[in-house]
1. Using a 1.4 Å probe over the heavy atoms of the protein chains, calculate the carbon and sulfur portion of the accessible area of region 479-537 as a whole percent.
2. So, by mean Cβ neighbours within 10 angstrom, what's the order for 305-312, 558-565, 94-101, 621-628 with the highest one leading?
3. Under a Cβ-only charge scheme (Lys and Arg +1, Asp and Glu -1), can you give me the dipole magnitude of region 483-636 about the Cα centre, in debye to the nearest 20?
4. How much net charge surrounds Ala195 when only other residues with a Cβ under 11 Å from its Cβ are counted (Lys, Arg +1; Asp, Glu -1)?
5. Cα gyration tensor of region 231-330, axes a ≥ b ≥ c as square roots of the eigenvalues: rounded (a/c below 1.5), prolate (a/b > b/c) or oblate?
6. With charges set only on the Cβ (+1 for Lys and Arg, -1 for Asp and Glu), what does the dipole of region 424-572 come to about its Cα centre, in debye to the nearest 20?
7. Of Gly365, Gly336, Val386, which is farthest towards the positive pole of region 269-395's charge dipole, taken about the Cα centre with +1 and -1 on the beta-carbons of Lys, Arg and Asp, Glu respectively?
8. Which entries of Lys239/Lys423; Lys450/Lys584; Lys225/Lys540; Lys348/Lys423; Lys285/Lys348; Lys522/Lys584 show an alpha-carbon separation above 20 angstrom in the structure shown?
Amino acid sequence: MALTLGTMIRFASASRRRAAAATRIAAAPLKAPIAAPLVAALLMLGPADAGYAQDSPPDSVPGAVPAAPPEGALPDAVPPDEEVRPAGIAYEVEITGVEDEGLRGTLRDASTLVELKDDHPPSLIGLERRADSDRDRLQTALRSAGYYDAKLDIRIDDPAAGTLPAGGQAPPVKVTVAVTPGPLYHIKSVTVRGAANATGASTLPKEVATDDLGLVAGAPAIAQKVLDAESELVGRLSKRGYAFAKVPDREVVVDHSDRTMDVTYSVDPGPLTRYGATRVEGLEKVDEDLVRGRLAWKEGQVYDPGATDRARQDIAALQVFDTVRVRMADEPGPDGVTPVIVSVSERKRRFIGGGVTYSTQDGVGANAYWGHRNLFGGAEQLRVGVDVGRVAGSSGGTSSKGNDLPDLRFSVNFRKPDFLAVKQSLVVNFAVVNDQPPAYSRVASELTVKLERPLTDQLTVSYGVAGERGRVRTEDTTYQTSFIGVPLGAAWNGTDNLLNPTSGQRASLQVTPWFPVGGDTKSPFTSILLNGSTYYDLGKDGRYVAAGRIGLGSILGTSLSDIPPDHRFYAGGGGSVRGYGFQKAGPRDRYDDPVGGRSLFEVGAELRIKVTESIGVVPFVDAGTVYDKAYPDFSEPLRVGAGLGLRYYTDFGPLRVDVGVPLNPASGDSRWQLYLSLGQAF
């Protein structure tokens, strides 16, 4: 049988159908992509629009939401005489008459029939009610897209014709939504006017431009564009200091005679707003002066939404708050001087953590730490940690240069924000280490005191002093070391994410002059290390990201033999040339141990492919080595490795598993390497 839902159709209980349709609209919220345009159309179109589609139900009100159903009404209720199928009515939906894929997608997103297709109604009457409820939704979607003369015809064709096949399941009912969009309406005029003051003059500031709103004469009359232009107007006023600007009246007139739309905005800018007194709420243990020091304005200054947002970000950067909100009071104060309210919620002050690492070269490692986020009330951060490496599976140092202990590091890190200047941090790092990588064995103590200061949102510089003292052993030589260093650094980060960047670039430069103050080394030297990486989102949605990196290093001032092995450059490992063991992508000595170099060259590239939202695969290729000259002279062949990685994406960053294979290994190199860690390789 064929049922047509059109102007002339009448079911036995039309009032109940309309009640059921209204219930279905309330019970099934619109999907996000179409919700805004539908709401836009309902807000815009009212009595001024006298020309809605002529096939609307006679008792419908243009632009209005259907009345709520009587209490207790059910959307797919079945009349007593209606045949009910045990498994419900399976159906298929086809939208015809629409060639534009964007408009077709809009209609599918708005359709209850499409949204609830897997939720089978119990009977044909239930399906008819569902189709009936789609009429207003689809008409609203068409109007929001600029089609005000559109017509709809919804047909329901039941192949079973009311009779179930013997011993089988009825074929799906076919629902056809035939759309005749009609001509597309266009913008005729856009007018912006300010509310009149007591003298009759407009209150709209002259310096606020009212053109280039993204809504111009001749453009399609799309509802979302009308709302976007309104938001743009309010945003422009806000940037000029009118924090309470609003558009109290928006007049939209659709003229069906020439298929055009006239839009008029009445703008109330409100008073020119200035920052008044600031009130800080929610503090428990954090000093209030610390929060006030991060405010990006002075009392009496004209309101600036950018400064307000910067203050929020700067307060959040202290890392002692779970939430930070900075806002003006709800109502403007006298002469526009308005109080500011900063609301915060403090994080737990103490924390503990740990982790496990593994690679085929270094075996199993583990770390544990304890920390405090607000040691003295000024957001001082203290972290005490222990790292243990080469617990099992290591191929580290031999008995002649190593010992039977695993790699050990005990560290204490302290950070004091806003030290001597806002946003400048004092950083103190102390460590006692016993480590035995393939190239050497070392026991040492290290102390670094430096200042870090962001110059811009992307650029941070650091400078300080470092000292270290220790003993470094190779197969042939033992070095007693004692140095004072002056580390100077600069880091630029223009990426969109710290642990999982998809676009932008990063670069870092570290220059450290080292001066011997005893020990076996007599000549000072300077170490320079430059790293850069870039990321490009191929699909513009984060699913295909191409990433590349380059690393260059140089040691100036003395020969390789005068440089202790722990200050030389090495290549190879999970963060360097994958496929090779740690320090193994470079020249070796007669004991087959890495000798290191005075210069370094590394390159790498990978393609990060998201298979699902949480799983990704990463094919990669890396190359690099070190040289005994001060600059890379490519006298040594580049060691090249390639492989495949797996990523599991979490809220705190991707978990990384990489398997690398050396493409031109040296004698004795492993055939493959496995790396596990948190975060991308670069």
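The values are calculated or read from the model by the stated rules, or taken from the named source; none is laboratory data. Fair warning: this is a prediction, and the values are worked out from it, not measured in the lab. Note that we place each Cβ from the backbone using ideal geometry, even for glycine, and neighbour counts take in every protein chain shown. Heads up: the accessible areas ignore ligands, DNA and RNA and are worked out on the full protein's heavy atoms, side chains in. Shrake-Rupley method; radii C 1.70, N 1.55, O 1.52, S 1.80 Å.
1. In region 479-537, the share of accessible area belonging to carbon and sulfur is 64 percent.
2. Ranking the peptides 305-312, 558-565, 94-101, 621-628 by packing returns 621-628, 558-565, 305-312, 94-101.
3. Here the size comes out at about 200 debye.
4. Neighbourhood net charge equals 0.
5. prolate
6. Around 80 debye, computed over region 424-572.
7. Of Gly365, Gly336, Val386, it is Gly365.
8. Lys239/Lys423; Lys450/Lys584; Lys225/Lys540; Lys348/Lys423; Lys522/Lys584
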